[in-house]
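The values are calculated or read from the model by the stated rules, or taken from the named source; none is laboratory data. Values in this document were obtained by computation on a predicted structure and should not be read as measured data. Cβ sites come from the backbone with ideal geometry, for glycine too, and all protein chains shown count toward neighbours. We work out accessible area using only protein heavy atoms, side chains counted, and drop any ligands, DNA or RNA first. Shrake-Rupley method; radii C 1.70, N 1.55, O 1.52, S 1.80 Å.
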Amino acid sequence: MPRAREVSKAVTQVARSEAAFELLEGLPVPVFVKSRDGRYLSVNRAWEELFGIPRERFLGKRVRDLYPQTPAIAERHHIMDEALWANPGSQTYEIPITLADGQVRETVYYKATFPPGDAPEGLVGAILDVTARHQAEAAVRESEERYRRTFEIAGSGVAHIGLRRMTEILGYSEEELLRLTGRDISHPGDYDMINRLRPDLHAGKVESLRVEKRYLKKSGEPVWVQVTIVLERDAAGRPLYEIAVFDDISARKRFEYALKESEERFRQTFELAASGIAHVTLDGHFLRVNKSLCDIFGYSKEELIGRSVKELSHPLDRDLTDGERARVRSGEIASAEFEKRYVRKNGVMVWVDLAIALVRDSGGEPEYEIAIFDDITSRKNLDAALREKTDLLQLGQAAARMIILDYDIQNDRLSWSDSPEWLRGPVPPSGEYPMFKDQVHPEDRERFIAERAHSISTLQPGSQEYRVVRTDGQVLWVLARRQVLPDAEGRAGRLLVAMIDITERKFAEAALEKSEARFRSLTELSSDWYWEQDESFGLTFMSGEMGGRTGLDPASYLGRKRWEQPALNLSEQDWDQHRAQLERHEPFKDFELQRPTGEGGSRWISLAGQPLFDDEGIFVGYRGVGSDITARKEAEVALREAHEELKRSNSELEQFAYVASHDLQEPLRMVSSYTQLLVRRYGERLEGDAKEFMNYIVDGAARMKQLIEDLLAYSRVGTRTREFHDVEVEAAVRRAVVNLHAAIEESGAAVTWDALPAVHADELQLAQLFQNLIGNALKFRSASVPRINIASKEVDGECEFAVKDNGIGIEAQYFERIFMVFQRLHNKAEYPGTGIGLAICKKVVERHGGRIWVESQPGVGSTFFFTLPRARGNQ
Ligand code: ADP
């Protein structure tokens, strides 16, 4: 107590200042100095002599140590001290004291607090021994008539030496007081208290009377006074007079009342408390118990008091409290709490929550123990039920691959809600798992440690996903949710972690990620981009490639509808159509738009999209791809232009060939007819070479005529066209055979054909095709009789025909060349012809979308193949 030390220091300084010290030491009056908490700080030699105690033995002790045999005296001083502290200043009172040797001395105490003011730090006291004076006064009074009048009872020869003191207490003058009777100044409640006891005193049954009673002050205010009366007798033992001593004990009475009230309050609290409360002696026996405690243990108060507490303990818990109790005793901890079992009187076990604390006396020495017992048996039973439920929960946890870890941070203790085998793997041969953090995957460990530390330092909950490497090497993904519970001081006390196995989910995520990556790289590699629209067709997403591919700004399209941006190729009507299609939620593709660029150019874009529906089938928008088709569009335009140009020049050429061959026919006819006329009229007159030359001219003209006719026929294949129809090929073959009737007859050839299909073709051109091929087979026959067969089969959805002969055959090097105009392998003397027949065949077949080619072996024969489209009716 620093305050007390300060006082003691100050007083010691005062006492040791030489003059004061010598004065006190030399003073014949016993003087003492006490601290605010009642310890003796200093005494002088007179004090030592009075009490017969050397100061070294007494300094630091209290007034009760001064009167070990007569605690009432110490109590009285103590009460007066309390009154003085309550009302600082000075105080005087008379008190008989008993010294160590049993002698009783009448004394007057003078006390004063210091320093002056309302906050005293200590008191100085002086003791006046008035025993001798009292005796002298008594002797004087004995002889004085005026004191013959009794104070309490008239006529019995009472002297009251305390009269002066009474005037002080009651506020009357001595004269006034002497005129009043005891009854006049007594409180009506306490009339005759002394009269009732007096016979005992006079009969010698008691040495003295001590009465505490209320008087009334002159002001009418009641005051508590202690009256002590002794009887003086003469030598023969007859009562001479009474000596009465009066003390104002109002302060003590008030204090006592307050004490009584507080004791009552305590008693009630103690008695009525719902918890069982006991005061237990330091050697472990019940000192005081309340009713609730009796109820808990089933014993009566009488049975409990004096009984050993340990005796009631359940045998298994008997010594449970010893360790903590010792710490409470030593002052290391203020209190301790336990859950332990006791046995009731009827032998039934009872679970108790026990809290103990120690009561110390004012000197700090242990006095007794307070123990509070709460019956928690029903809670414990509930706990057991809960534990059963917890077991169920654990089963559930195991099934769900979930585990709860409880980490006691301060004590570094880890406990698991279940066997952590699924998480940590089989227990290693050593019988112990490695540290959990060392089982966290090395790549996740740093993150794991950091986040865990963060949770602990901030007391914030958190969750984290990380990998755990089991003891068997298997890797698991877990989701850990952390919760930190603070301890009483607000520091992180416990870390609760719930862990769930999310390996499967992680694999699924990885697969998804992979497929997304695939999708991403596909869109990145292709010329396409990806877009999404909401249900009102506003663009909500466009992948970045769009900008890269087209040079357009994707941002200017986001949030807008497709038709809110111009397209050079589309009319209002086109847009309406597209919008209607979207509103019908139809998929679309090849929707082409020509978007203008900033620089006055444009980009062609082709879009395809699919409607999207949610789980309930409600339309939520479109998603699709786009591609930049500008290059294709440009190529198409160029191609179309080239095609148009080619067509134009081709038809010009055909026109020219037709016109030329047609117009050439007329002059040619003139040449040949006049040459023939010349031969007929003047042939006889021509001689020698002239006749031969004339034959050349006729021959040339005829040949020219044939050439022109063939050329005309060739050019007509492209220009004089008819609609295609489904045509029976056999009909065309028969027509060709009829046309070739003479040649077939003449050569004795055999022309045969298998069952032939129908095709989609120009019937006349088809007949011409067969006529040319069969004609060639007859013309280029070998020595043997010609055999010609026509067969067909279906290949790749087309009809393939084969016209086979046993003629002279063709060398492979000419397989291509024979299909070109005017290309022949023989001179006209060997085999007549113009070299246009196969060229016409090729043109006819190609006009029908087919191909023509030859396979042949010289000397064996040739087969001409060609394909034609199947009849539509058969498709
Ligand atoms: P031409 O019959 O007027 O000579 P083609 O264009 O019909 O003209 O034939 C071109 C050439 O192909 C013929 O000159 C001939 O050499 C060769 N040829 C065509 N058909 C046959 C065939 N069936 N057998 C052998 N050679 C043939």
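Residues of segment 304-324 falling in the label zone of L282, defined by backbone nitrogen less than 12 Å from a point 7 Å along Cα to beta-carbon, are absent. Solvent-accessible surface of segment 712-825, taken per residue with a 1.4 Å probe and all protein chains present: 52 Å². By accessible area, using a 1.4 Å probe on protein heavy atoms only, segment 471-571 has 55% of its surface on carbon and sulfur. Note on segment 673-767: with neighbouring protein chains present and a 1.4 Å probe, carbon and sulfur make up 52 percent of its accessible heavy-atom surface. The phi-based Karplus calculation (6.51 cos²θ - 1.76 cosθ + 1.60; θ = phi - 60°) puts the 3J(HN,Hα) values of segment 170-184 at 9, x, 8, 7, 4, 4, 4, 4, 5, 8, 9, 8, x, 4, 4 Hz, whole numbers, x for Gly and Pro.
Divided by 2.2 N^0.38 Å, where N counts the residues, the Cα radius of gyration of the chain comes to 2.39. Binning all Cα-Cα separations of segment 620-720 at 10 Å, short to long from zero, yields these whole-percent fractions: 13, 24, 18, 14, 11, 8, 6, 4, 2, 1, 0. Considering only G323, G363, A273, and ranking their Cα positions along the charge dipole of the chain that arises from unit charges at the beta-carbon of Lys, Arg, Asp and Glu, the one farthest toward the positive end is G363. Sites listed here are trypsin sites (Lys or Arg not before Pro) in segment 578-655 whose DSSP assignment is loop and whose Cβ has at most 16 other Cβ atoms within 10 Å: R584. Annotation: Cα Rg of segment 542-701 relative to the compact-globule expectation 2.2 N^0.38 Å equals 2.27. The reciprocal of the average 1/r between distinct C-alpha atoms defines the Kirkwood hydrodynamic radius, which for segment 285-365 equals 13.7 Å. Counting Lys and Arg as +1 and Asp and Glu as -1 over every other residue whose Cβ lies under 14 Å from the Cβ of T377, the net charge comes to -2. Cross-link reach is defined here as a Cα-Cα straight distance under 18 Å, omitting same-chain residues fewer than 8 places apart; for K380 the aspartates and glutamates meeting it are D317, E337, E339, D353, E388, D391.
Accessible area per residue for segment 451-549 is 57 Å², calculated with a 1.4 Å probe on protein heavy atoms, without ligands, DNA or RNA.
Other residues lying with their Cβ under 15 Å from the Cβ of G621 contribute a combined charge of -2, Lys and Arg counting +1, Asp and Glu -1.
Note on the chain: dipole from Cβ charges, positive end direction compared against F770, G237, L479; the farthest Cα belongs to G237. In this structure, the amide hydrogen of K61, modeled 1.01 Å from its nitrogen in the peptide plane, lies closer than 5 angstrom to those of Y40, counting only residues at least 5 positions away or on a different chain.
The mean of 1/r over all distinct Cα pairs in segment 750-874, once inverted, gives the Kirkwood hydrodynamic radius of 14.9 Å.
When the Cα atoms of segment 738-793 are aligned to their principal axes, the ranges along those axes come out at 37, 21, 16 Å in descending order.
Average 1/r across all pairs of distinct alpha carbons in segment 494-635, invert it, and you get the Kirkwood radius: 17.3 Å.
Taking amide H atoms as placed 1.01 Å from N in the peptide plane, the amide H of E121 lies under 5 Å from those of F114, each 5 or more residues away in sequence or on another chain.
Dipole check for segment 657-768: with +1 at the C-beta of Lys and Arg, -1 at the C-beta of Asp and Glu, and the Cα centre as origin, the magnitude is about 500 Debye.
Please identify the longest segment of the chain free of exposed GluC sites (Glu not before Pro), where exposed means a DSSP state other than H, G, I, E or B and no more than 12 other Cβ atoms within 10 Å. My reading of the result: 1-143 is the longest stretch. Along segment 545-554 the Karplus relation, 6.51 cos²θ - 1.76 cosθ + 1.60 evaluated at θ = phi - 60°, assigns HN-Hα couplings of 4, 3, x, x, 6, 9, x, 7, 9, x Hz to successive residues, with x for each Gly and Pro. Mind pulling up the Rg/Rh value for segment 663-789? Radius of gyration and Kirkwood radius, both on Cα. When Rh is taken as the Kirkwood radius, the ratio is 1.13. For segment 163-264, a simple Cβ point-charge model (Lys and Arg +1, Asp and Glu -1, everything else neutral) yields a dipole of about 160 debye relative to the Cα centre. Summing Lys and Arg as +1 and Asp and Glu as -1 over all other residues whose Cβ lies under 9 Å from the Cβ of F338 gives a net charge of -4. Distance from the Cα centroid of segment 670-692 to that of segment 199-235 is 201 Å (rounded to whole angstrom). May I ask for the distance between the Cα centers of segment 328-363 and segment 85-116, given as a whole number of Å? Answer, in whole Å: 43. V124 exposes around 60 Å² of accessible area when a 1.4 Å probe is run over every protein chain in place.
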